[in-house]
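Visitor: Structure incoming, see below.
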Amino acid sequence: MTAPRGGAPRRTGGPRDRAGTATAGRGVPAARVLWGLALALVLAWSVGPAAWQALTALKPDAQITHVPTVYLPHPVTWKHVETLWSRKPFGTYLANSAWVATWATLLCVSFAALAAAGLARMPGRGREPLLLGLLFLSLFPPILLLFPLYEGVRWLGWINHPLALILPYAALNLPLAVWVLESAFRQLPLELDEAARLDGLSALARIRRIHLPLAMPAVATAAILVFIFCWNEFMLALTFMTTDARKTVTAGIASVSGASLYEIPWGQLSAAIVLATLPLVLLVLVFERRIVSGLTRGAIKG
Amino acid sequence: MADLTGHDLVKVFPDGTRALDGVSFTARPSRVLTLLGPSGCGKSTLLRVIAGLERATSGTLRFGEAPFDELPPGRREVGFVFQNYALYPHLTIADNLGLALEVRRVPRGERERRVRETAEMLGIAPLLGRRPAQLSGGQQQRVALGRALVRRPRFYLLDEPLSNLDALLREGMRAELKSLFGRVESAVIYVTHDQAEAMSLSHEVAVMRAGRILQCAPPLALYARPADLFVATFVGSPRMTVWRGRRDGSMLHTEGAALATPAGLGGGDQLDVGIRPEDVEVSDRPLPGGWQATLEVSEPLGARTLLTLRIGGATARAMAEPREWPARPWVRWPADRLHWFDASGRRLDPGGPGGSGNR
Amino acid sequence: MHRLRLRRGSGLRIATLALLAGIAAGCGGAQEGGAGGAGRVAVMLPPGERPFWMPLARDFERAHPGVTVDLIEGPQSTDLRENLYTASLLARDPSFDLVYMDVTWTSKFAAAGWLRPLEGAFPPQERDRWLPAAREAGMFRGRLYRVPVRTDVGLLYYRRDWLEGAGYAPPSTFDELVRVARALEDPPRRWGFVWQGKQYEGLVCDYLEVLTGFGGTWVDPATLEVGLDRPQAAAALEFLVRCRSVDPISPPGVATYQEEESRRLFQDGRAVFLRNWPYVWRLAQREDSPIRGKIGAMSMVHAPGGRSAGTLGGWGLGVSAYSRRPDLAVAFIRHVTTLESQRVLCGETGYAPALIEAYRDSALLAANPFLDRIGRLHANAVARPGIARYALASDILQRHLSAALAGGEPAARALREAARETRLMLGRAGAAEAR
Ligand SMILES: Nc1ncnc2c1ncn2[C@@H]1O[C@H](COP(=O)(O)OP(=O)(O)O)[C@@H](O)[C@H]1O
Ligand SMILES: [Mg+2]
């Protein structure tokens, strides 16, 4: 990749090349200004709504709906957060979400690893159709599964049992995780597999000790995506978890209420959304470190 | 340790490629059997079949008397060295070496001792804590060897282990390998397409072509009495000069010269005759019983100079003294240094057909 | 290669078995969440209401030793609660014994067979104690499925101080409303008339009041006749369009308003008239309210010769067809609809009760003097059509009302289209509806 001759044809994108020469040449400030501007726009676009939620969570009620718009809360109030914690077992919601999402992610990535390892080393022409089939499966809107799942969950007596969420979450995310892991596994040199077979590692041991560690960036990516899905999933959580002790954070937020049937408690909702998102942000930051370190020590070819 | 034998191994890939076409061999303890052949002739496939990474379409493998075709690779006790080493990038060198022992539940203490011993033997002990990416090519090569050695396998399989090294390192490693092989008690099967490597390392060389073993013999025997025209030209550098001719009585008429056929030589009307460049005598002055040639190319190699000569309508190559040669030198060769082959490429020996090599 | 695949397959099988074993182990602990015990009644409530039901539930438990009342806190959104009930009932799930229903759910749930008929448990003389409109809203095809617990009725609030100051009497016709509003408004600081114009159920409620005021009808639940393409319907919609764009007494944003947006303008002293529900009264009378003591409430105005109407809302209880203890469920309904319980539930919240006598109850009147007025305005209550596919009919109407209000489509044409679609929808379901 570093060889200029070898690298050139692979880089098909024109803009990347231009950016490369611009920084190398140091002489084109216009490109840099544009670059910075674009970055600022993207940042505003993606961070803006989140920041707005955070600000709303800290505003007194009167300022939330005030016209003209009040941007910065003055004074900052923790009232919404306090109300939220005192009215709702918000900590329990968070813990439930963490518990469900963690197990669902573990389960999903483990099974996806088995399937992906099989697919990645599958001889013959069966692999592509299978992968396409998986993709097709993942296109089904999960809402279609709500009623059958409800019947099943009720039949098993799993209403208000974490498994009622863990298993569907894991299953719903399998196609995605298999896709991510399969393409990563397929890029591992076949000889590593063979060396491990000769060293006496079983199929499962190879996945655990060779595939997964070497595909760590992909594993982390898959895990984060699955975890985020589980954390954010709403319909199943709402339907299967009816008691406060079992509700996940999304279902919990749905039951945040205002003083009247018609009032929407914006402040509390914003506080709840910010509180529900923070753990996710922290998690991604931590995992991102892992992805980066995984990348730097990957170095498969000697 | 017992003999490792393969009998009539055939490997046909699902796409129809017939990579092994009835291969039989015997690899003996403490001896190096080299598989030599051009790229694509099935060397790696044979190695992989032995290791269990591929399953033979038919044929049997035995260690001593016991067939092991049904054993999974991990239970065949092979030390395999991959062409590209295939070290585990995420494990330290110590773990790379120790993984097989760990899987076999060798106690920790003994495991560490064996890893260290092996590393010391290969001169990589200081590197045990590093990861493969932090090693040079030569060091990685040693680790790959170490991974095979540390297991004390029943046989070693090495697939072109030196081909990824630069020329200088390769020669040094070749010598080290030779001394290493001298100390092991298991059979070694060594794959290469480099005949110099094959000659220098092996007790026996099996020359392969198109999924078959053409000849299996000790290196010098192979050189002296190639059983086959292909072997004759493949073994020896620079290549043997081969002329085709028509037999007329006791003479063979080639484009270059008419040569007397030895008495009792079999074969039909058409024969090939070969002479190795190092067997050609070159002189400024006329040589009795020789021919005057035209010098076309002169390549000084240092110790010798390689000449490309035209004799009549054909070319021949000769290893001559390292000096300037005139435009029309004289050449000659002893009749007993000629190699005769019939129309199908089989070696002809005065006094009877065949008679050398295993096949 | 063959062997490799075989071995991999066996690894997978082992993993699958292990997982199944784990699940089986998980099953044992799962049962506690299931419905069951002989003495349990469960109902899902809006989260904000639960605290006010708690004392009722405790009273009931005290009166029925061994029985627990499970007040499950549902999501805040009415639609989500309806979905949850629907999912549960579709699955014949006994975990909700009682269904706490909006007026508009009754026909759908009853038509689906998810509710138990209750006229046996509540004989006529008992039913006569309920507000007539609320009582009717609990009936479907002649049977009772829902007992009203609290009611809602659409009201027209006005700034009494401004009207009196300018010498106006409260208007009684649409034209008068526009005239007074125009005279007193000062846009954009102060608007004449604010209401709910967003494309949602609230728009249908507002329109239904105006429609009734013009003498029009929407769908007759008995005959399934559709009145949306009659001139009265067009006149009603034209009035709403006129408020927004012809004689602008409503802000342009009214087409995006729900209850709270319109209330906030009114409460900030920036509107003369407000169409909304009874809950506004309590908020307007709070200490910190700038309009405290300055407002009046009446029913929506009407066309000359027409009648005033307030859309009926409110919540009631039905018994799930899958309840394992319908007897307890009925007992609980009876318990929460006594006068004492109505005092508990409505006194603190300001909800309008369902019992007629509650509107004359001195304790309740002391807590909420406005009840007296609501009680009288309840006479004008008009119900949304009790057809099984009410949600679809409402959706059709919302779309076309909104197209005329926000999209500038001529009112008559929008309603003709709405009538056509409604008939089509009813026609397809005709057999089921008219049974
Ligand atoms: N997995 C495979 N599928 C089909 N053909 C193969 C496969 N592996 C090797 N071959 C073919 O078998 C022949 C022998 O290959 P190989 O044993 O790798 O040769 P070499 O002597 O260079 O090591 C070649 O023609 C090669 O293309
Ligand atoms: Mg090869």
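Visitor: Between the helical axis of B:93-103 and the dominant principal axis of chain B, each derived from Cα atoms, what acute angle in degrees is found, rounded to the nearest 10?
Guide: 70 degrees
Visitor: Taking the Cα centre of the stretch A:87-296 as the origin, how large is its charge dipole in debye, to the nearest 20, when only Lys and Arg (+1) and Asp and Glu (-1) carry charge on their Cβ atoms?
Guide: 220 debye
Visitor: Moving to a separate point now. Output the Kirkwood hydrodynamic radius of chain C, Cα pairs only, in Å rounded to one decimal.
Guide: 23.7 Å
Visitor: Using a 1.4 Å probe and ignoring any ligands, DNA or RNA, find the accessible area of C:Glu348 and quote it in Å² to the nearest 10.
Guide: Using a 1.4 Å probe on the heavy atoms, I get roughly 130 Å².
Visitor: Taking amide hydrogens as modeled 1.01 Å from N in the peptide plane, which residues meet the under 5 Å criterion relative to C:Val99, leaving out close sequence neighbours?
Guide: C:Gly318, C:Val319, C:Ser320
Visitor: Now for a separate question. Could you give the DSSP H helices of chain C that reach 30 angstrom or more along their long axis (alpha carbon positions) and whose average Kyte-Doolittle hydropathy is no lower than 0.5?
Guide: Those that clear 30 Å and a mean of 0.5 are C:2-30.
Visitor: Of all GluC sites (Glu not before Pro) in the stretch B:165-260, which ones are in loop regions per DSSP and have a Cβ with at most 10 other Cβ atoms within 10 Å?
Guide: B:Glu185
Visitor: Also, quick follow-up: Would you kindly find the accessible area of B:Trp291, with a 1.4 Å probe and non-protein molecules such as ligands, DNA and RNA excluded, rounding to the nearest 10 Å²?
Guide: Using a 1.4 Å probe on the heavy atoms, I get roughly 60 Å².
Visitor: With the full set of protein chains in place, find how many percent of the accessible area of the protein assembly as shown is carbon and sulfur; take the probe as 1.4 Å.
Guide: Summing carbon and sulfur atoms, their accessible area is 58 percent of the total for the protein assembly as shown.
Visitor: When all protein chains stay in place, what accessible area (Å², nearest 10, 1.4 Å probe) is found for A:Ser110?
Guide: 60 Å²
Visitor: I've got another one for you. Take the alpha-carbon centre of the stretch B:200-245, take the same for the stretch A:108-138, and report the distance between them in whole Å.
Guide: 47 Å
Visitor: Please compute the volume of the convex hull spanned by the alpha-carbon atoms of the protein assembly as shown and report it per residue in Å³.
Guide: Normalising the Cα hull of the protein assembly as shown by residue number yields 271 Å³.
Visitor: Also, I was wondering about something else. Of C:Ala366, C:Ala393, C:Gly293, which is farthest on the positive side of the dipole of chain C, counting Cα position, with +1 on Lys and Arg Cβ, -1 on Asp and Glu Cβ, and the Cα centre as origin?
Guide: C:Ala393
Visitor: Is the C-alpha gyration tensor of the stretch C:305-425 telling us rounded, prolate or oblate? Criteria: a/c under 1.5 is rounded; beyond that, a/b larger than b/c is prolate, otherwise oblate.
Guide: oblate
Visitor: Here is a further query. Using a 1.4 angstrom probe with every protein chain in place, what is the largest-first accessible-area order of C:Lys294, B:Lys43?
Guide: C:Lys294, B:Lys43
Visitor: A further question on this structure: With θ set to phi - 60°, apply the Karplus curve 6.51 cos²θ - 1.76 cosθ + 1.60 along the stretch B:116-122 and write out the HN-Hα couplings as whole Hz, x wherever there is a Gly or Pro.
Guide: Those phi angles translate into 5, 4, 4, 4, 5, 4, 9 Hz.
Visitor: Per-residue HN-Hα couplings for the stretch A:166-181, Karplus 6.51 cos²θ - 1.76 cosθ + 1.60 at θ = phi - 60°, whole Hz, x for Gly and Pro?
Guide: Those phi angles translate into 4, 5, x, 4, 4, 5, 4, 8, 4, x, 4, 5, 4, 4, 4, 6 Hz.
Visitor: While we're on this one: Heavy atoms only, 1.4 Å probe, whole protein assembly: order B:Thr233, B:Thr315 by accessible area, highest first.
Guide: B:Thr315, B:Thr233
Visitor: Quick one: Cα convex hull volume of the stretch B:64-182, Å³ per residue?
Guide: 118 Å³
Visitor: If you put +1 on each Lys and Arg Cβ and -1 on each Asp and Glu Cβ, how big is the dipole of the protein assembly as shown around its Cα centre, in Debye rounded to 20?
Guide: It works out to roughly 1580 debye.
Visitor: Classify the stretch C:186-322 as rounded, prolate or oblate, taking a ≥ b ≥ c as the square roots of the eigenvalues of its Cα gyration tensor: rounded when a/c is under 1.5, otherwise prolate if a/b is larger than b/c and oblate if not.
Guide: oblate
Visitor: Let me check something: with ligands and nucleic acids excluded, how do B:Ile124, A:Ile64 order by accessible area (1.4 Å probe), largest to smallest?
Guide: My answer, sorted largest first, is A:Ile64, B:Ile124.
Visitor: So for the protein assembly as shown, taking the charge dipole from beta-carbon charges (+1 Lys/Arg, -1 Asp/Glu), which of C:Pro46, A:Ala184, C:Val382 sits furthest toward the positive end?
Guide: A:Ala184
Visitor: Just the number, please: buried accessible area between A and C, total of both chains, 1.4 angstrom probe, nearest 100 square angstrom.
Guide: Buried area (both sides, nearest 100 Å²): 3700 Å².
Visitor: What percent do you get for the relative contact order of the stretch B:234-355 when only Cα pairs under 8 Å and 6+ apart count?
Guide: 30 percent
Visitor: Please compute the average number of Cβ atoms from other chains found within 10 Å of each residue's Cβ in peptide A:208-214.
Guide: For this peptide, the per-residue mean of nearby foreign Cβ atoms is 3.
Visitor: Here's another thing I want to ask about it. For the cross-link pairs A:Lys59/C:Lys198; A:Lys88/C:Lys108; A:Lys247/C:Lys198; A:Lys79/C:Lys198; A:Lys88/C:Lys198, which exceed 29 Å when the distance is taken from alpha carbon to alpha carbon?
Guide: Over 29 Å apart, Cα to Cα: A:Lys88/C:Lys108; A:Lys247/C:Lys198; A:Lys79/C:Lys198; A:Lys88/C:Lys198.
Visitor: Mind checking B:80-86 for the average number of partner chain beta-carbons within 10 Å of each residue's beta-carbon?
Guide: Mean number of neighbouring Cβ atoms from other chains: 5.
Visitor: Amide H to amide H under 5 Å from B:Leu35: which residues, 5+ apart in sequence or cross-chain, H placed 1.01 Å off N in plane?
Guide: Sorted by chain and number, the residues that satisfy this are B:Tyr190, B:Val191, B:Thr192, B:Ala206.
Visitor: Determine one quarter of the surface area of the Cα convex hull of the stretch B:4-228, which equals its mean projected area, and express it in nm² to one decimal.
Guide: 12.5 nm²
Visitor: Along the charge dipole of the protein assembly as shown, pointing to its positive end and built from +1/-1 on Cβ of Lys, Arg, Asp and Glu, which listed residue (A:Pro49, A:Leu94, C:Ala414) has its Cα farthest out?
Guide: Result: A:Leu94.
Visitor: Size of the dipole of the stretch A:79-134 about the Cα centre, Lys and Arg at +1 and Asp and Glu at -1 on the beta carbon, nothing else charged, in debye to 20?
Guide: I would put it at about 40 debye.
The values are calculated or read from the model by the stated rules, or taken from the named source; none is laboratory data. The model shown is predicted, which means the values in this text are computed figures rather than measured ones. Using ideal geometry, Cβ is built from the backbone for each residue, glycine included, and neighbour counts are taken over all protein chains shown. Ligands, DNA and RNA are excluded from the accessible area calculation, which covers all protein heavy atoms including side chains. Shrake-Rupley method; radii C 1.70, N 1.55, O 1.52, S 1.80 Å.
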